[in-house]
1. Give the order of 35, 10 when sorted by the count of other beta carbons within 10 angstrom, beginning with the fewest.
2. Compute, for the chain, the length of the dipole vector about the Cα centre, with Cβ point charges of +1 (Lys, Arg) and -1 (Asp, Glu) only. Units Debye, rounded to 20.
3. What net charge do the residues around residue 81 carry, taking every other residue with its C-beta under 13 Å from that of residue 81, with Lys and Arg at +1 and Asp and Glu at -1?
4. When a/c reaches 1.5 or more, the comparison of a/b and b/c decides; with that in mind, is segment 29-105 rounded, prolate or oblate per its Cα gyration tensor?
5. Taking neighbour counts of Cβ atoms within 10 Å as a proxy for exposure, in what order, fewest first, do 144, 135 appear?
6. Apply the a/c threshold of 1.5 to the C-alpha gyration tensor of segment 77-161 and tell me whether it is rounded, prolate or oblate.
7. If you add up the charges near residue 157, with Lys and Arg at +1 and Asp and Glu at -1, over every other residue whose beta carbon is less than 9 angstrom from its beta carbon, what do you get?
8. Suppose the chain between residue 87 and residue 65 were pulled fully straight at 0.36 nm per residue; how much longer would it get relative to their current alpha carbon spacing?
Amino acid sequence: MALVVLLRGINVGGHRSFRPSRLAQDLQHLDAVNIGTAGTFVIRRPVSRGQLRAEVARRLPFGAEIMICQGRDIVRLLSRDVFSRHRMRPDIVRFVSVLSRPTRTRPRLPLKLPPGRGWLLHVLARDGRFVVGLYKRRMQVIGYLGRLDRLFGAPVTTRSWSTIVAIGKALDSGPA
């Protein structure tokens, strides 16, 4: 099955900027599909993780954390109804953070940061390398998202649920 590449910390506030669409063109031989501007790609042709990591790293103009997961794991996550109990509002963003590697660290979930009714980040669940939750559209949330690395014992990169859905659609459309 296809692989999904997620780059950490690129195109954020003008820092470590590049054009993901250009990288997708460079990876055309792997049937790469670019999803958005945060460094998210679906690779629909067979390739080993090691080869893919080396190709992506070689083509980036800077060093970056490269996270690779199986497309089938994204499909499985999409099949779960992870947000069914949570009413959506315009000021709430559904998110998925992807751990760079499996870890044994398991904080008690659900978890609200800060604790109580004034939460800004609400971690709902963990499914393997995926951490699922909600956050409020506030600048302070960035600091709380940064804490996820320490809470789960590995670097994470975060994408909105709509990006995860777009990945699912790219996986579903199959090789070009």
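1. Going from sparsest to densest Cβ surroundings: 10, 35.
2. Value, rounded to 20: 620 debye.
3. Summing Lys and Arg as +1 and Asp and Glu as -1 gives +3.
4. Judged from the Cα gyration tensor, segment 29-105 comes out prolate (a/c at least 1.5, a/b above b/c).
5. On the way: 144 20, 135 23.
Exposure proxy ranking, most exposed first: 144, 135.
6. Working: a/c = 1.61, a/b = 1.21, b/c = 1.33.
It comes out oblate by the Cα gyration axes.
7. +1
8. Working: separation 22, 0.36 × 22 = 7.92 nm, distance 3.33 nm.
Computed gain between residue 87 and residue 65 is 4.6 nm.
Computed from the coordinates by the stated procedures, all read-outs in this text should not be read as laboratory data. Keep in mind the model is a prediction, meaning the values are calculated, not measured. Glycine gets a Cβ as well: all are built from the backbone with ideal geometry, and neighbour counts include every protein chain shown.
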